[in-house]
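The values are calculated or read from the model by the stated rules, or taken from the named source; none is laboratory data. Just so we're clear, the structure is a prediction, and the values are computed from it rather than from any experiment. Cβ: placed from backbone, ideal geometry, glycine included. Neighbour counts: every protein chain shown. Side chains included, ligands, DNA and RNA excluded: accessible areas come from the protein's heavy atoms. Shrake-Rupley method; radii C 1.70, N 1.55, O 1.52, S 1.80 Å.
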Amino acid sequence: MSGGPPGERGPGQEPGVGASLRAFSLRILVGTALATLVVVLALRWWNVGPGAPVAPPSPPGERGQSAARPPPRDAALPDSAPVTASAREVERRHAAGALSEAQKRFDRCSGGDLRRLAWIDPTHGVVKLVREREDGVTLEEWFDDDGRLREARWQGRTAAGRWSRRVTLDADGRASPEEAAGSAVPDAAPPALDRQDPTAAFFASPACPP
């Protein structure tokens, strides 16, 4: 038998078992690393690729919580639907087509009405009157079938924002005023209510102050 340094092999000799295992293990390790890299890249592309939604980072101290945004300064005031039964009945009849409409327009004058709109019942006359004024204030008034004022609402705008006032009246004419939440303070006193005859109020002059 010919001798030689340890680790060398002569012609026709097979490599050692340890070397074969090391080579095989190296190939498995490299293949696993490549497969893992491919999966990571694929997932990253899926999450941030074209068309994928990306959530913006939360502000510090608010992780996992929705950031509260203040309402815009000029946000709409709360729901202004009528609250009394008489006013709601007027709105229902108008929606059903049971009331006719009439309007009057006036020349502009300081503090006077520019436009009036009336909802008219064929039997009871005017049951709702809307007055749009030169100063931007709108007054809505609802009347019962006997011509008594039962509810009214003013709306206007100031430099500080919108304002709204409401008043309801019982059968004896006692008024219960109400101010809308978040309402600004009007620059001037709201116009007076029409407590007498709504039909006469519709046809009256534009009420320009002297």
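Numerical summary
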| quantity | calculated |
| --- | --- |
| Complete set of residues in the range 176-197 that are hydrophobic (A, V, I, L, M, F, W, C) and loosely packed, with under 14 Cβ neighbours inside 10 Å | 181, 185, 188, 189, 192 |
| Within the range 121-163, strands (runs of 3 or more DSSP E) holding 3 or more residues that are open to solvent by less than 20 Å² (accessible area, probe 1.4 Å) and touching a residue at least 60 places away in the same chain (Cβ under 8 Å) | 125-133 |
| Residue 206 being more than 29 Å from the chain's Cα centre (by Cα) and open to solvent by less than 40 Å² (accessible area, probe 1.4 Å) | yes |
| Positions within the range 164-175 being under 18 Å from residue 130 (Cβ atoms) and open to solvent by less than 40 Å² (accessible area, probe 1.4 Å), in sequence order | 164, 166, 167, 168, 169 |
